[in-house]
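Notes to accompany the following structure.
The values are calculated or read from the model by the stated rules, or taken from the named source; none is laboratory data. This structure is a prediction, so every number in the text was calculated from the model and none was measured. Note that each Cβ is placed from the backbone with ideal geometry, even for glycine, and that neighbours are counted across all protein chains shown.
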Amino acid sequence: MSCEGCIQGETELRRKDGTQLIIEFRSGLAHLGAERVALWVTHDVSDRRRMVQELREAKEAAEAGNRAKTAFLANMSHEIRTPLNAILGYAQLLGGAPELSPALREGLEIINQSGEHLLAFVNDVLDLSRIEAGYVRLDKRDVDLQALLDELELAFRPQAEAKGLAFDVRRADSAPEHIRTDEAKLRQILSNLVGNAVKFTERGGVVTRVFAPAAETPTRALVVEIQDTGPGVGPEEMKLLFRPFGQIRAGIHARGGTGLGLVICRELARTMGGDVGMESRVGVGSLLRLELPLETGTAPDPAPRAPARRTPRQTPTPLGIRTLRGGLAGALAPELVRELRAAARAADYERLFVLLAQVPAEFGAVAEGLRALVESYAYDAVEAALAD
């Protein structure tokens with residue numbers, strides 16, 4: 001039955017008892033055989049509208065609860081991290097005492113390892129909380145991609161070779177010298193992906209490939225593939241990897257992960273307009289693929305103007321740094337200490353973070369304390385902590 005000049009819509013009515021009634025109607029002229037008749041069809045949609053409203057309110061309540069949870073986790077992470085840095089700092093300080101008995105030294109090593117694991121967990125929770133709360137912002141700058149890859153290789157090659165693994169970072173000719181991106185987030189993603197590959201691979205090797213595939217569209221991509229010969233992951237376990245706190249058997253046996261690393265990497269990559277994917281075969285290995293929009297950058301000014309020093313009022317020096325002052329400079333490589341002090345004098349925020357990534361893992365709490373000072377623009381305190 002066809003309808004001419006049909007009109008449809010909704011109207012609100014009230015019953016005798018005062019309750020609301022929502023009517024969906026349709027009216028017009030219809031052909032019924034050879035005759036034309038007026039057509040008026042109504043349908044009570046009150047229940048449907050009420051369910052939609054309830055679902056909307058439930059969604060808003062859930063989002064509010066999630067925001068409250070995120071804020072709580074972020075605040076608690078900060079509260080836990082401050083005393084934890086002090087614990088780790090004292091443990092490292094006491095560990096350097098020559099008169100310690102083997103039993104005490106072993107106990108301090110357990111404190112150190114447990115503290116480092118807890119600190120990594122707290123940092124991961126804090127990162128995930130920031131992402132869920134929408135606090136993550138991109139800070140795009142011109143980045144020397146080749147130098148960043150050199151630093152990545154320098155950081156992980158010793159760990160791989162200590163396990164007898166082959167380690168290689170291959171850069172295709174298509175990979176640009178400079179790109180425009182958020183350097184800190186790119187470094188965090190790559191460090192996590194490569195670090196996991198090295199950690200879970202016991203024989204064979206880890207290869208990182210960097211390239212920019214030819215594209216038929218104006219939008220190009222930067223691709224980083226990390227391939228390992230580790231235990232591999234089955235289809236069922238693959239579903240857990242990108243869920244918060246999801247861990248597979250290999251991760252549980254390694255006892256070093258939080259189950260948040262890959263989740264954070266994927267969310268950061270998506271914030272940057274890209275994604276992280278994975279292919280894996282049990283007994284063969286895994287291939288992780290990071291893909292980001294490619295924006296070609298330019299070489300930075302060789303002598304950038306240093307940002308103005310900002311000394312916050314009564315900036316406290318983290319306790320782990322304060323107790324190690326004097327011993328820290330002697331523990332780190334002299335060249336690294338010189339470069340750190342020079343970057344602090346120049347108030348070079350980005351360079352300090354690059355250098356702090358080279359601090360050995362056993363001084364992780366100290367590096368975390370120095371990062372806190374840098375984030376507070378307390379360059380004088382950084383320089384003082386590295387004094388001879």
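Applying the criterion of being among the hydrophobic types (A, V, I, L, M, F, W, C) and loosely packed, with under 13 Cβ neighbours inside 10 Å to the residues of the stretch 148-179, the residue that is farthest from GLU267 (Cα to Cα) is ALA162. Only a single criterion out of (1) in a helix (DSSP H, G or I); (2) free of Cβ contacts under 8 Å to residues at least 40 places away in the same chain is not satisfied by ARG137, namely (1).
Inside the stretch 1-19, residues that are assigned to a strand (DSSP E or B) and modelled with pLDDT under 80 make up a count of 4. Restricting GLU151, GLU132, GLU106 to those that are more than 22 Å from the chain's Cα centre (by Cα) and not basic (Lys, Arg) reduces the list to GLU106. Exactly one residue out of GLY246, GLY285 is more than 12 Å from ASN196 (Cα to Cα) and modelled with pLDDT of 90 or more: that is GLY285.
Specify the residue that is surrounded by the fewest Cβ atoms within 10 Å (Cβ to Cβ); the eligible residues are those in the stretch 180-206 that are part of a strand (DSSP E or B) and under 24 Å from the mean Cα position of the chain (by Cα). That would be ARG180.
Of the helices (runs of 4 or more DSSP H) lying entirely inside the stretch 314-364, those carrying at least 2 residues that are within 23 Å of LEU94 (Cβ to Cβ), modelled with pLDDT under 70 and not charged (D, E, K, R) are 319-324, 328-331.
Scanning the stretch 269-285 for residues that are in contact (Cβ under 8 Å) with a residue 40 or more places away in the chain and closer than 20 Å to PRO231 by Cβ turns up VAL276, MET278, SER280, ARG281, VAL282, GLY283, VAL284, GLY285. Scan the stretch 4-36 for residues that are in contact (Cβ under 8 Å) with a residue 24 or more places away in the chain and either touching a Cys at 6+ places or on another chain (Cβ under 9 Å) or closer than 25 Å to VAL52 by Cα (or both) and report the count. Total meeting the criteria: 8.
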